[in-house]
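Notes to accompany the following structure.
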């Protein structure tokens with residue numbers, strides 16, 4: 001099958017990457033530099049596993065559950081993709097089942113709110129939207145094939161209601177539905193034919209930064 005186009009649906013990690021609650025735990029240091037007469041260029045990276053575009057797996061809220069390393073290769077491939085547009089116009093809204101129209105069955109649902117455009121502002125992490133826990137049950141009814149939900153804001157859990165956010169995480173992860181947070185979705189015109197999520201595989205990880213590829217055939 002001939003590939004027509006590939007797009008990247010994840011943000012680049014750098015020192016300006018917004019973190020949940022405004023954390024400042026990102027550190028990217030050059031360890032060796034050819035410009036300093038070293039033999040090669042190397043870096044040391046330090047950041048939380050929930051930094052930038054990342055995937056939450058069940059281990060995040062369920063102790064005896066699957067970790068990032070427990071998923072086999074084919075589980076990171078998604079062929080039935082839907083894009084659901086919910087224009088929030090910058091509002092820090094908790095999206096609930098009443099905001100979601102009936103969605104055709106899919107493996108990966110991308111919820112695009114437009115909040116991504118505020119990513120360089122403090123608002124992005126301080127007053128971001130979230131998902132209500134009732135969405136999980138509502139989606140399962142329409143989408144029995146659902147394996148992952150992706151969003152274009154920093155977390156399923158809005159900083160304005162963390163208790164509700166924890167409930168939302170559990171509602172999805174208990175059903176083995178992955179959560180891909182802080183995605184780059186503005187560029188999508190039509191849903192890709194295939195999406196590949198490529199996390200950093202670390203033993204016992206409850207989440208991992210990932211590169212997400214959208215592929216069109």
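Only the coordinates and a few stated rules stand behind these numbers; no lab work does. Computed from a prediction, not measured in an experiment: that's the story for all the values here. So basically every Cβ, Gly included, is an ideal-geometry build from the backbone, and we count neighbours across all protein chains shown.
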Q) Points 7 angstrom from Cα along the Cβ direction at residue 44 and residue 30: gap in nanometres? A) 1.6 nm
Q: Relative to the longest principal axis of the C-alpha atoms of the chain, give the angle of the C-alpha long axis of helix 162-173, reported between 0 and 90° and rounded to the nearest 10°.
A: 80 degrees
Q: Sort region 64-217 into rounded, prolate or oblate with this rule: let a ≥ b ≥ c be the square roots of the eigenvalues of the Cα gyration tensor; rounded if a/c is under 1.5, and if a/c is not under 1.5, prolate when a/b is larger than b/c, oblate otherwise.
A: rounded
Q: Would you compute, from DSSP H runs of 4+ residues alone, the mean residue ellipticity of the chain at 222 nm, taking -39500 (n - 2.57) per run and dividing by the full residue count, rounded to the nearest 500?
A: -3000 deg cm²/dmol
Q. Is region 1-106 best put as rounded, prolate or oblate by its Cα gyration tensor, with a ≥ b ≥ c the root eigenvalues, rounded for a/c under 1.5, and otherwise prolate when a/b is larger than b/c, oblate when not?
A. prolate
Q) Taking Cα centroids, how far is region 97-169 from region 15-63 in Å? A) 24 Å
Q) With a ≥ b ≥ c the root eigenvalues of the C-alpha gyration tensor of region 127-185, is it rounded (a/c under 1.5), prolate (a/b larger than b/c) or oblate? A) oblate
Q: Please give the peptides 206-213, 85-92 ranked by average Cβ packing (other Cβ atoms within 10 Å per residue), highest first, as a rough proxy for protection.
A: 206-213, 85-92
